[in-house]
Amino acid sequence: MSSLVRHVTFDCSDAYALARFWADALDGSLADDDLPGDPEALVTAPGTALLFVIVADAKTAKNRVHLDLQPQDRTRDEEVERLLSLGATVAGDHRNPDGTGWVTMTDPEGNEFCVERSAAERKA
């Protein structure tokens, strides 16, 4: 049997705060024993697990790997607005007049991720 991805790990300066953002963004939850100030925090959400680990080095370049989010119960544009209200920022708007495209965003520590169209929008 081949290996499985157990979780995707993010280096960060505040594991709990960044995990809290992603738990809210993905409608997930933090592990019961994760508390502010802990050196790591684990988020579980449907289909994924994200681990946040404090490191001393600051982020200095674009991510080599990033998450692509696909909204399940709202449109891409509604999801972008929701994520903005949670503390994300828009880094690049790649939406096209015909409705295709995506939005590149950053989380509160500057990690890039993209928001794609929902499955319903892809069928329209």
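The values are calculated or read from the model by the stated rules, or taken from the named source; none is laboratory data. Predicted model, so just to flag it, every value in this text is computed and none were measured. Glycine also receives a Cβ, built like all others from the backbone with ideal geometry; neighbour counts cover every protein chain displayed. Just the protein is used for accessible areas: all its heavy atoms, side chains included, with ligands, DNA and RNA removed. Shrake-Rupley method; radii C 1.70, N 1.55, O 1.52, S 1.80 Å.
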Measure nothing but the geometry: give the 0 to 90° angle between the long axis through the Cα atoms of 76-86 and the longest principal axis through the Cα atoms of the chain, rounded to 10°. 30
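Using DSSP, restrict attention to beta bridges with both residues in the chain and report what percent are antiparallel, rounded to the nearest 5.
Percentage antiparallel, nearest 5: 65.
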Rg and Dmax of the range 83-124, using alpha carbons, in Å: what are they? 11.3, 35
Calculate what fraction, in whole %, of the accessible area of the chain sits on carbon and sulfur atoms when a 1.4 Å probe is rolled over the protein chains. 51
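Roughly how big is the chain's charge dipole about its Cα centre, with Cβ charges of +1 (Lys, Arg) and -1 (Asp, Glu), in debye to the nearest 20?
500
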In Å², rounded to a whole number, the accessible area per residue of the range 1-110 with probe 1.4 Å is 63
Helical contribution to [θ] at 222 nm, DSSP H n ≥ 4, -39,500 (n - 2.57), averaged over the chain, rounded to 500: -6000 deg cm²/dmol
Longest site-free stretch - the chain; sites: trypsin sites (Lys or Arg not before Pro), DSSP loop, at most 16 other Cβ within 10 Å: 7-58
Reported label for calculated Kirkwood radius over Cα pairs in Å given (i) 15.9; (ii) 18.6; (iii) 15.3: (iii)
1/(1 + (r/R0)^6) with r = Cβ-Cβ of Asp98 and Thr60, R0 = 35 Å, i.e. FRET efficiency to nearest 0.05, evaluates to 0.45
Expressed in angstrom and rounded, the centroid-to-centroid distance over alpha carbons for the range 2-25 and the range 47-124 is 14
Once label points are set 7 Å from the Cα along Cα→Cβ at both Met1 and Glu81, what is their separation, rounded to one decimal in nm? 4.5
